[in-house]
Amino acid sequence: MTADRLKATLFLDERVSSVRGVSAARAAALQKLGINTVRDLLTHFPRRYIDLSAVATVAEAEIGKSFTISGTIHAIQLKRPKRIPLVEITLVDNTGTMMITCFRQPWLADQLHAGDAIAVSGKVEYNYGFKRMTNPFIEVLTDDSAGDGRIIPVHPATEKISTAWMRRFVANALEACTGLEDPLPLELRMRYRLYSRFCAFEAIHFPQSMDEFVQARRRLVFEELLLLELHLMQQGARARKNARAHAHVVDGPAQVSIRAALPFQLTGEQEQARAEILKVMAADAPANHMLLGDVGTGKTAVAAFALAAAADTGTQALMMAPTEVLATQYGQALGPLLDAAGVSWALLTGSTPAEERANILTRLASGDLSVLFGTHALLEPDVKPARCSLVIIDEQQRFGTDQRATLINKGDGAADVLSLTATPIPRSLALALYGDMTLSYIRQRPRNLAGTTTHVFGFEKRGDAYDIVRAELEAGHQAFVVCPLVGKPTPEAREEDDQEALTIDIETEGDFEEQENPDTHAALQEAEILRNKVFNGYTVAVLHGRMSSEDKAQTMDAFRAGDVDILVSTTVIEVGVDVPNATAMIIEDADRFGLAQLHQLRGRVGRGQHPGQLCLISRAKAQPALDRLAAMTRTEDGFELAEYDLSLRREGDILGNRQHGASILKLVNVIRDKAIIEEAHTQAAAIMAYDSELAEPEHKALALELARAFPQKAVKRSG
């Protein structure tokens, strides 16, 4: 690296005040935008562009669409109707007149003048006889920009630093960084036809054409993703470096017996997932595998073969569920299969009697017990398996990193890890979040599931939903009614309600409103209304997270046995509840739930021979909320819903800074950038296979960039 290239590269990490024109006061203003260094400034990308090579005339601008229009200010006026300041601008070009209204921006009256050439960009409306724009982006056109057809970047700015000043600062920073070193090897850039880093920075801030912007963004997205994938893979490799792996027996007698005991044949996708899981379990390195399966696709049946592999190897397996209801169902669904294969098993939860618990722990410590199902109770220090070689974590996103690490370390850090999730995560997002894990997908439900029809009703039409449920009850079936809250909010109860009602993960975070609306439905009150006023003559019971384990178990057993007709519940039934005779569900205040959670709840009905009916009831009037609910009526494919949900989010909301250092992903969109994510993952895997520590000369710059982006910390295996 030459002295000039070294100087330009090191300048990236200088304070932003080192940039020409950035005074101490301006540096303080930039800091409020999160810009502290030159690198921060160059990665403060434009949020949009005004393309003066593709401007429309006033006459060409269609009502209801967004356009960029250039013209001359004929008149400008500051008005204060109802004490709200607004600036009204009359813009003219050779084809007509457009009125521009800018609310709460009185300073524009001092900055703009009649005769100024400006470009405006926004949505065109029509009222009072004129085409209009309200609060559009406005750019004053100078002599060097008015007629050259250039593209003007619009950077996020503040009141103290305008977009024009931001452009000056970025241009000065680029000038000082000319020729900076590129962390991507030349061979890699040539293979994918990628811009150099400096050219990409220059083109994304000041593109000469929109195609140039596309190529610049493509290069920078690839870099962000390659760094993230390398970080995830190195993190996983270091965690497994000194682990004593178990190469599992995957063709033993328990495998054969489990298959023979299954009351159905595995689907093609289940068979493929089984083969992929057993392949990584048979390897001589610790496995870290995730099985992603839509609701009702039979992940638990596939997991049975992983348990059989541990038994055939003469080792033990722990399988943890987020709720006692789900853990109990392991025993009901998998217990008979393990019994048929001669594999010993037990169930450990918080409500397990002390004497039974002591017996289970003794058998586990001696190695006499092969499989232990359980809840968070498995995390207790006295749960000490003799030789644990497999840890299965169901609905793994519901457990914290430390909780997952605690369970994995029950196998002395050498256990294979199989994570299960019914939360639909598109492959592109899964690679970005879990790039160090191998993945299997099951999308298709077994043929014996009848499916569910979804209806959306406004609050005033809730009687139609009751009619649907009543018809199902009269046919001898059962129903769920789901409410956001346990009881009406009180200061004491609110925290407990929030914990139960909100599923905070990447798919649902941010979809909920505050839980303060007095009209929000609560399970306890709803059950009384349904029992006394709506469904007289039918048995109504309540299930929620504040009940004791014993009461919850008794209620669920009564519902499964058919002794309860309608189960009014919170989202405690979201995962793992399997009652084939339950064919109807009402979800109250459905707009308060995320799409992923609504889909999970829908999976509780239509699981048997009879089709399900889901009724979503909402008071929402806003179109975005109605559109989201309408998406539930169009498809039962959870992965399709997840992609739709992600497409509605702002780019910064998709991954979230709390995921794997994903704050470096400033440009990535997991829906639009699917192909780049796949390529970055493939390339990162190839680099790791060849040079896992990035010690080769061509990887030196990449190693330095990775170390800067992800400072090393102590690594825990977290699945």
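Laboratory data are not the source of any read-out in this text; all were calculated from the coordinates shown. All values derive from a computational prediction rather than experimental measurement. Heads up, the Cβs are rebuilt from the backbone with ideal geometry, glycines too, and the neighbour counts pull from every protein chain shown.
Counting DSSP beta bridges with both partners in the chain, what percentage is antiparallel, nearest 5?
35
At 0.36 nm per residue, and after removing the present C-alpha to C-alpha distance, how many nm does the segment from residue 140 to residue 77 gain when stretched out fully?
Full-extension gain reported as 21.0 nm.
Any idea what angle helix 549-560 forms with the longest principal axis of the chain, computed on alpha-carbon atoms, 0 to 90 degrees, nearest 10?
80
Sketch the reach of a paramagnetic label on residue 648 as a point 7 Å from Cα along Cα-to-Cβ, and name the residues of the range 584-601 whose backbone nitrogen lies under 13 Å away.
Once the point is set 7 Å along Cα→Cβ of residue 648, 590-599 turn out to lie under 13 Å by backbone N, inside the range 584-601.
Given (1) 45, 33, 24; (2) 112, 73, 22; (3) 52, 37, 21 as candidate values of semi-axes √(5λ) of the Cα gyration tensor in Å, which corresponds to the one derived from the coordinates?
Read-out from the structure maps to (3).
Kindly flag which residue pairs out of 241/279; 533/621; 279/700; 552/621; 299/666; 299/700 have an alpha-carbon separation exceeding 31 Å in this structure.
The answer is 279/700; 552/621; 299/666; 299/700.
To the nearest 500 deg cm²/dmol, what mean residue ellipticity at 222 nm is calculated for the chain from DSSP H runs of n ≥ 4 alone, each contributing -39,500 (n - 2.57), summed and divided by the residues?
So the calculated ellipticity at 222 nm is -11500 deg cm²/dmol.
Which of the three applies to the range 182-250, rounded, prolate or oblate, going by the alpha-carbon gyration tensor with a ≥ b ≥ c and a/c under 1.5 meaning rounded?
prolate
Longest exposed-loop-site-free stretch of the chain, with chymotrypsin sites (Phe, Trp or Tyr not before Pro), DSSP loop and at most 14 other Cβ within 10 Å?
265-719
Filter the trypsin sites (Lys or Arg not before Pro) in the range 170-246 down to the DSSP loop ones having no more than 14 other Cβ atoms within 10 Å, then list what survives.
193, 241, 244
From Cα pairs below 8 angstrom and at least 6 apart in sequence, can you work out the relative contact order of the chain, rounded to a whole percent?
Worked out over the chain, it gives 13 percent.
I need the calculated FRET efficiency for the pair residue 355 and residue 237, taking r as the beta carbon distance and R₀ as 51 Å, to the nearest 0.05.
For residue 355 and residue 237, the calculated efficiency is 0.70.
Against the empirical 2.2 N^0.38 Å scaling, what ratio does the C-alpha Rg of the range 48-154 come to?
Against the compact-globule rule of thumb, the ratio is 1.01.
Find, among the trypsin sites (Lys or Arg not before Pro) in the range 569-645, those assigned to loop by DSSP (not H, G, I, E, B) with at most 11 other beta-carbon atoms within 10 angstrom.
Those satisfying the criteria are 621.
Kindly state, to the nearest 0.05, the FRET efficiency for residue 700 paired with residue 339, given R0 = 56 Å and r defined as their beta-carbon distance.
0.45
Compute the angle between helix 299-312 and the longest alpha-carbon principal axis of the chain, please, reported from 0 to 90 degrees and rounded to the nearest 10.
The angle comes out at about 60 degrees.
Assuming R0 = 60 Å, what is the FRET efficiency of residue 63 and residue 547, from their Cβ-Cβ distance, to the nearest 0.05?
0.60
Multiply the residue gap between residue 7 and residue 23 by 0.36 nm, knock off their C-alpha separation, and tell me the result in nm, one decimal place.
Taking 0.36 nm per residue and subtracting the Cα distance, the gain is 3.6 nm.
Which of the GluC sites (Glu not before Pro) across the range 155-251 are loop residues per DSSP, with 10 or fewer other Cβ within 10 Å?
Loop-located and lightly packed - 159.
Between residue 88 and residue 558, what is 0.36 nm times their sequence separation minus the Cα-Cα distance? Round to one decimal in nm.
That pair, residue 88 and residue 558, stretches by 162.4 nm at full extension.
Can you give me the distance in nm between label points at residue 53 and residue 475, each placed 7 Å from the Cα along the Cα-to-Cβ direction?
Taking the simple label geometry, residue 53 and residue 475 are separated by 6.0 nm.
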